[in-house]
Amino acid sequence: MTSLYKNRVLLLFVAATGVLLAALFWPEAKKPGEIQKYYSMPADQLLSLEYSGTMSLDEKNKARVHYAITRDENPLKPAEPVYKVEVRKLKATDDKTAKRVSELSRLQTFYASALVRTIIQDWSQPDFYFIIPHEAQRDAEYGLKGCRDLLTVQFKTKIRKFCIGTATQGDTRRYVLDADNDKLLLTPDFSVRRILNNIYAQREQSLHPYGADGADLIEATIGAAELAKLPLLREKTGGNIKLRMLVKDEGKKKINVWHVENTLSIMPSHAAEFAQLLYALRVSAPFALNAGKAGAGISELAQQAAIDAKAQPALTGAIKIKKTDKQDVQLTAFAFYPPGVKPRETHAYQFDQQLVRPKDTLVVTNFNSGYITADLYPRLSAILQKFETDLLEAQKKGEEQKKKKPQ
């Protein structure tokens, strides 16, 4: 006690310093009108987001829609789920949109692009500017009467329901009613706009929805017409190519190296070029199908895509990951058709004026079917030609070495 008394000045100084530092670094309270969080939930707690209301088809036309976004497993990154969209109902609002709505209605389930993760984040931690007293008699003024536009966000532990109202203040803010707690929020318009925009535009357009990181096996079978141009590749592989990715130790760092199994003559850089092109490909919009089964075969995919059974793919294969030494997990199967092969009917999907060019190439996968731009098919052919050149050069070197050996 005597010691504390003697050092009381020092203790008072330390306490005062602590209070001063706490005051300096304590987060400042938000003022009304400043953007702040209405609630905060971890995004991985959100199971589904469901919207029923008006959707913009484009700048001028709208339709009535009921869709749900749900989580799905990601075999590459279990901690980062992928999201699937199910369009449960789509209805035209007038005669002008009836044809387009009829076309869009064919696509009912599809995997979503990365922007949907932003939507999930928006409603895991929704922003607002003001909480306004809710006066039911003014619902018509705020666009809330009858709750025609309803957003339901389901978490593991609770469900939130919001009625979406009209935009205000130059379309930068929007009225949103917390239906269960009877609180009227003035929110940023952009977080609501993402829900009201054309959900079909959020279709994932790569060959599979899981991303490129982690896949370490690509199998490809070259069609007969293409293989005829590659005699050495046909001789060495029979047209069946398997690319694996290995981790190479380069001293202080490790790098990923692609190689063609059982064919050391093909340069790793060319194998990597082939893999990277497949991962970078994007399926264009005019022709799209419902998300298929992950394990469906090429013939089933072609039948789904209304491709004539007589049409032969130029290249088929699968993208996989190695689970064990004896087991691989297939992410997706794919088939590329040569220019000129078209489905029996082409669906106008997203862009009214987009035309499929004569040499655009059709591709089908377990998740997407559509066209890749005309210049990408020649790039695939050119990489296979590089494989052929690598084998030819290795053959020449082998012949030269034989000649140099003493008789």
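The values are calculated or read from the model by the stated rules, or taken from the named source; none is laboratory data. Predicted model only: the values in this text are computed from it and were never measured. Positions of Cβ are backbone-derived with ideal geometry, glycine not excepted, and every protein chain shown enters the neighbour counts.
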Just checking, does region 170-190 include any residue being aromatic (Phe, Trp, Tyr), closer than 30 Å to residue 121 by Cβ and assigned to a strand (DSSP E or B)? yes
Cβ contacts < 9 Å: first residue within 13 Å of residue 271 (Cβ to Cβ), restricted to region 375-393; second residue outside any helix (DSSP H, G or I) and basic (Lys, Arg), any location; separation 6+ or different chain. Result? 384/229
Please indicate, with yes or no, whether at least one residue in region 278-297 is over 28 Å from residue 260 (Cα atoms), assigned to a helix (DSSP H, G or I) and at pLDDT below 90. no
Out of curiosity, is residue 223 touching a Pro at 6+ places or on another chain (Cβ under 7 Å) and either in contact (Cβ under 8 Å) with a residue 12 or more places away in the chain or within 30 Å of residue 153 (Cβ to Cβ) (or both)? yes
I'd like to verify a number: residues in region 250-303 that are over 23 Å from the mean Cα position of the chain (by Cα) and hydroxyl-bearing (Ser, Thr, Tyr), how many? 4
Taking the residues in region 298-322 that are among the small types (Gly, Ala, Ser) and either part of a loop (DSSP other than H, G, I, E, B) or at pLDDT below 85 (or both) as candidates, determine which candidate is nearest to residue 341 (Cα to Cα). 311
Return the pair list, or none, for Cβ contacts closer than 6 Å from residues in region 128-141 that are assigned by TED's automatic domain parsing to the domain that holds residue 179 to residues that are part of a helix (DSSP H, G or I), at least 6 apart or on different chains. 139/145
When the residues of region 353-373 are filtered to those that are farther than 13 Å from residue 281 by Cβ and modelled with pLDDT under 85, which remaining residue is surrounded by the most Cβ atoms within 10 Å (Cβ to Cβ)? 356
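Yes/no per residue for (1) touching a Phe, Trp or Tyr at 6+ places or on another chain (Cβ under 6 Å); (2) in the same structural domain as residue 330 (by TED's automatic domain parsing); (3) in a strand (DSSP E or B); (4) at pLDDT below 90:
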{"position": "5", "(1), (2), (3), (4)": "no, no, no, yes"}
{"position": "20", "(1), (2), (3), (4)": "no, no, no, yes"}
{"position": "54", "(1), (2), (3), (4)": "no, no, yes, no"}
{"position": "69", "(1), (2), (3), (4)": "yes, no, yes, no"}
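Restricting to region 105-123, name every residue that is small (Gly, Ala, Ser) and surrounded by fewer than 20 Cβ atoms within 10 Å (Cβ to Cβ).
First pass over region 105-123, keeping only residues small (Gly, Ala, Ser): 105, 112-114.
Scanning region 105-123 gives 105, 113, 114.
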How many of the residues in region 378-407 are at pLDDT below 85 and surrounded by 15 or more Cβ atoms within 10 Å (Cβ to Cβ)? 0
Close pairs from region 320-347: first assigned by TED's automatic domain parsing to the domain that holds residue 111, partner modelled with pLDDT under 85 and surrounded by fewer than 22 Cβ atoms within 10 Å (Cβ to Cβ), Cβ under 7 Å, at least 6 apart: none
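Answer with yes or no whether residue 151 is out of contact with any Asp or Glu (no Cβ under 6 Å at 6 or more places or on another chain) and crowded, with 19+ Cβ neighbours inside 10 Å. Working first, answer last.
Numbers: out of contact with any Asp or Glu (no Cβ under 6 Å at 6 or more places or on another chain): yes; crowded, with 19+ Cβ neighbours inside 10 Å: yes.
Yes, satisfied.
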